[in-house]
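Only one structure is covered here, and it is reproduced in the block below.
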Amino acid sequence: MSGSTVVIGVGNPLVGDDGLGLAALERLRAGWSFDPPVALEDGGTWGLTLLPLIEDAEQLLFLDAIDVGEAAGSAVALEREELPRMFALKLSPHEVDLRDLLALAELRGSLPARTVALGIQPERIEWAEGLSLRCAAALDDLVERAVRKLEAWGHRARPAQHGASA
């Protein structure tokens with residue numbers, strides 16, 4: 001996959017709005033096709049296993065709940081230089097989060113120059129299934145912003161064909 005564009009949806013659907021990155025990824029996967037192809041990856045809470053995807057990408061787009069202190073449902077976009085990268089004290093090696101992955105890729109000199117995170121300001125991050133009404137209402141806009149970013153990176157986007165026979 002070296003030299004590719006990778007979209008990674010991250011989060012946990014059992015923690016309320018934290019699952020919106022995965023919900024956006026599924027809408028992108030179901031509703032769009034791209035030429036040249038784009039790798040659409042479920043990052044969930046996979047931790048360090050995502051590092052090869054990040055390091056092999058030429059262009060990297062994250063879809064996620066991003067808390068920047070704005071009103072719930074607000075659109076958020078963070079360019080590479082704005083993305084938080086840090087190593088934090090962990091109680092367990094299973095606690096690796098996206099910031100740790102970005103810091104490790106940066107340290108290894110392999111964080112793609114074109115790295116962007118698109119998301120929505122969450123309303124609630126707590127044990128609960130499903131998105132809040134505000135985040136659910138902003139989901140289509142997040143998918144549209146992702147499509148526009150992929151087009152800006154040179155991918156032709158087409159609505160997926162549903163129900164077409166082979």
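Some points to look at:
- Put the Cα centre of the range 27-69 next to the Cα centre of the range 101-160 and the gap is 7 Å.
- Potential lengthening between ALA39 and GLN161 on full extension [0.36 nm per residue; Cα-Cα distance subtracted]: 42.1 nm
- Packing-based exposure ordering (other Cβ within 10 Å, fewest first) of PHE34, PHE62: PHE34, PHE62
- With a Förster radius of 22 Å applied to the beta-carbon distance between GLU58 and GLU144, the computed FRET efficiency rounds to 0.45.
- CD proxy at 222 nm, helix term only [per DSSP H run n ≥ 4: -39500 (n - 2.57); per residue of the chain; nearest 500]: -9000 deg cm²/dmol
- Using a Förster distance of 30 Å, the FRET efficiency for ALA77-GLU106 (Cβ separation, nearest 0.05): 0.95
- Put a plus charge on the Cβ of each Lys and Arg, a minus charge on the Cβ of each Asp and Glu, and nothing anywhere else: the dipole of the chain about its Cα centre is then about 380 debye.
- Debye log10 I(q)/I(0) at q = 0.11, 0.19 Å⁻¹ for the chain, Cα point scatterers: -0.43, -1.27
The numbers here are math on the coordinates, done by the rules we state, and not lab data. These numbers were taken from a predicted model, which means no experiment stands behind them. Cβ: placed from backbone, ideal geometry, glycine included. Neighbour counts: every protein chain shown.
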